[in-house]
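Written below as structure tokens is the structure these notes are about.
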Amino acid sequence: MEVRLKQLTKIFTSKKAEPVYAVKEMDLAIPSGKLVGLLGPSGCGKSTTLYMIAGLHRPNEGRIFFGDSDVTDIPPENRGIGLVFQNYALYPHFSVRQNIMFPLENVKDYEDPKTGERRKYTKAEMEAIVFKTAKLVDIEMLLDRKPKQLSGGQQQRVAIARALAKSPRVLLLDEPLSNLDARLRLQTREEIKRIQRETGVTTIFVTHDQEEAMSISDFIVVMDHGVVQQVDEPQKVYDNPVNLFVAKFLGSPAINIVDGEIKAGVLYLQGKAFDQGYAHEGSVKVGIRPEHFTIDKKLPHQMDVSVSFVEHIGRDISFVGKMKDSTNNLRIIVSSELRDYAKEETVSFGIKRFFVFDAATGARLK
Ligand code: ADP
Ligand code: MG
């Protein structure tokens, strides 16, 4: 099911505080059957967006479409969505089976496959769905347990199974991995990807963790202060950030940001001409990803770095240092074959790629 948001705006107002523009004029088209990661720092409007799609929040402006139908005025229970929260929200006194079955018990309009009549599920039909869904998320052997007898990862699988039981048109996941430890988080995110592939259900996955979003999403939507910054395949956003915010938000270790100045079309770093051909004048921020440094004297763009320390991290070496005659801290990652250079105090690095941003607006200039 394709999901489209048109000029969606949510403002929270209260008597005491200034109104909060949680989401501003958001336009987004989420293709049917894809997994989309909604990504941004805490408070940027991710959950608010998700809850508007779910029908739990009413937008102040804008419309929400599932396929061709406008669902903006339709209550959550009739939208055909499955919702999974960070804290699982399982019923503690119910068994796993009862938890997954619960939403099915309230269905009154199941279309009988033989007669076409609308009716409730029979007990046997519910049992079959529960088993099939539990098997999909790999918990069919845990159906008789209570939530407190499960690990965090297993509880989150139960929550996902419960959300999938009614065969939702859209699956919405709000930071579903945040309560899991690092190992389980990795495992469960791969599991979510697999489940999404197997079911083909259009899925919107909210997270503040860029690595999580990048690793499983077909598309990512990067948000800041309620405003969509960039929408694209994860690698494309990483390789081509539209602005300084996006460049800084993606990547671990983070991108290096160095102050520069453009005068008469020439970009100066460390007081030396670094690049040319600019229409812009004035202060800029130059972004260089740690892996875009190399030891290659032939490259046209060079930078002298005073190395403070060197970490050997298996396959790679990580240099930490400062740009010569500057306080800009840098992190540089090169292949460990270049370890001999690690002994030198000042290393001249060739720069394979860099981005240039307007220092005032953050807009990408190059
Ligand atoms: P995220 O999920 O990206 O962390 P949210 O969508 O929860 O962000 O919140 C976006 C902004 O809206 C924040 O500034 C938050 O404080 C505010 N906000 C969220 N929910 C409410 C609410 N029910 N009442 C008032 N302000 C809210
Ligand atoms: Mg949130």
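Let's see how each residue does on (1) within 25 Å of the chain's Cα centre (by Cα); (2) crowded, with 21+ Cβ neighbours inside 10 Å:
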| position | (1), (2) |
| --- | --- |
| R119 | no, no |
| K123 | no, no |
| A134 | no, yes |
| I139 | no, yes |
| K148 | no, no |
| A161 | yes, yes |
| L173 | yes, yes |
| S178 | yes, no |
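Just checking, how many residues over the range 173-228 are within 14 Å of L39 (Cα to Cα), away from ligand 1 (no atom under 16 Å from the Cβ) and out of contact with any strand residue (DSSP E or B) (no Cβ under 8 Å at 6 or more places or on another chain)?
2
When you go through (1) in a loop (DSSP other than H, G, I, E, B); (2) modelled with pLDDT under 90; (3) out of contact with any Gly (no Cβ under 7 Å at 6 or more places or on another chain) one by one for K297, which number turns out not to apply?
Tallying (1) in a loop (DSSP other than H, G, I, E, B); (2) modelled with pLDDT under 90; (3) out of contact with any Gly (no Cβ under 7 Å at 6 or more places or on another chain), K297 fails exactly one: (3).
For the range 46-88: of the residues being among the charged types (D, E, K, R) and outside any strand (DSSP E or B), which is farthest from ligand 1 (Cβ to nearest atom)? Show your work before the answer.
If we filter the range 46-88 for residues that are among the charged types (D, E, K, R), which is where we start, we get 46, 58, 61, 63, 68, 70, 73, 77, 79.
Cutting the leftovers down to outside any strand (DSSP E or B) gives us 46, 58, 68, 73, 77, 79.
Working: K46: 3, R58: 12, D68: 27, D73: 20, E77: 20, R79: 19 Å.
Among residues in the range 46-88 that are among the charged types (D, E, K, R) and outside any strand (DSSP E or B), the one farthest from ligand 1 (Cβ to nearest atom) is D68.
From the list G314, G277, G321, pick out the single residue that is out of contact with any Gly (no Cβ under 7 Å at 6 or more places or on another chain), of a type outside the set (S, T, N, Q) and within 27 Å of K263 (Cβ to Cβ).
On the way: G314 fails: within 27 Å of K263 (Cβ to Cβ); G277 fails: out of contact with any Gly (no Cβ under 7 Å at 6 or more places or on another chain).
Unique residue meeting the criteria: G321.
Which of (1) of a type outside the set (S, T, N, Q); (2) touching a Gly at 6+ places or on another chain (Cβ under 6 Å); (3) closer than 23 Å to F219 by Cβ is the odd one out, the single condition I195 does not satisfy?
All conditions are met except number (2).
Which pairs turn up if I take residues in the range 118-141 that are under 21 Å from K108 (Cα atoms) and look for partners that are surrounded by 13 or more Cβ atoms within 10 Å (Cβ to Cβ) and of a type in the set (D, E) with beta carbon separation below 7 Å, at least 6 apart in sequence or on another chain?
Final answer for the pair search is F131/E140.
Do we have any residue at all in the range 237-244 that's within 21 Å of K322 (Cα to Cα), modelled with pLDDT of 95 or more and not assigned by TED's automatic domain parsing to the domain that holds K352?
Yes, that holds for at least one residue.
Among the residues of the range 22-42, which ones are within 24 Å of G251 (Cα to Cα) and within 16 Å of ligand 2 (Cβ to nearest atom)?
V36, G37, L38, L39, G40, P41, S42
Restricting the first residue to the range 19-39 and requiring it to be over 17 Å from M223 (Cβ atoms), which pairs with a second residue that is within 16 Å of ligand 1 (Cβ to nearest atom) and at pLDDT below 95 meet a Cβ separation below 8 Å and a spacing of at least six or different chains?
Filtered contacts from the range 19-39: P19/T13.
Given K114, K34, K16, which one is surrounded by fewer than 20 Cβ atoms within 10 Å (Cβ to Cβ), within 16 Å of ligand 1 (Cβ to nearest atom) and of a type in the set (D, E, K, R)? If you could, list the steps in order and put the result at the bottom.
Values: K114 fails: within 16 Å of ligand 1 (Cβ to nearest atom); K34 fails: within 16 Å of ligand 1 (Cβ to nearest atom).
Every option except K16 fails the conditions.
Given the criteria within 13 Å of ligand 2 (Cβ to nearest atom), assigned by TED's automatic domain parsing to the domain that holds P234 and either within 24 Å of P168 (Cβ to Cβ) or of a type in the set (D, E) (or both), does G45 qualify?
When the stated conditions are applied, G45 passes them.
In the range 20-27, is there at least one residue being within 24 Å of E233 (Cα to Cα), aliphatic (A, V, I, L, M) and away from ligand 1 (no atom under 16 Å from the Cβ)?
The answer is no; no qualifying residue exists.
Is it true that some residue in the range 342-353 is within 33 Å of the chain's Cα centre (by Cα) and crowded, with 17+ Cβ neighbours inside 10 Å?
Yes, the range 342-353 has at least one match.
The values are calculated or read from the model by the stated rules, or taken from the named source; none is laboratory data. These numbers were taken from a predicted model, which means no experiment stands behind them. FYI the Cβ positions are ideal-geometry reconstructions off the backbone, even for glycines, and counts take in every protein chain you see.
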